[in-house]
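Worksheet: the structure to be examined is printed underneath.
Values quoted throughout were computed directly from the atomic coordinates according to the rules given, and no laboratory measurement underlies them. Keep in mind that what you see is a predicted model, and the values were worked out from it rather than measured. Glycine also receives a Cβ, built like all others from the backbone with ideal geometry; neighbour counts cover every protein chain displayed.
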Amino acid sequence: MHTTIIHPLKSPSRLRRTRVAQRAAVDHRKPHYELTEQGDRLELVVYVPGVDASGVDLSFDGRDLLLTARKAHFVRVNWQALHLEGAQRDYELALRLGSGVDFDRVAATLQAGVLTIKLPKKRRATEPVAAAALQHVA
């Protein structure tokens, strides 16, 4: 009789971490979005149906934009399990925008489940050496 030893593919601590990550992914879902460049700014359009303006949390962490949009959760009187849990999940989006965005001048509007975020680019200062060189010409 042969004895077979089967080694686990992942360590127990790694399994625990992946389960926590899977649970976090179940709690939130990534919304659909479009990011376009328009001259002196970036425009981010995020589709978050069922979200009020009071449920939107927009924060910046270094070069990253972190968006959390929470839906209003209603408890029905005649509650039955209809597998609506997936449709009632909140939205979470994290984007790396880089260092070229001026986060102090960001503006956002929400209309009919469409969140529009205007991200102005940083203004580049003209180099003083180039300006001085232009003054001495001619």
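Results, tabulated for the structure shown:
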read-out	value
Sorted peptide list for 58-69, 102-113, criterion being average Cβ within 10 angstrom, highest first	58-69, 102-113
Built amide H within the under 5 Å cut-off of Val101, gap 5+	Lys122
Nonlocal amide H pairs with Leu42, under 5 Å, H built at 1.01 Å	Leu119, Lys121
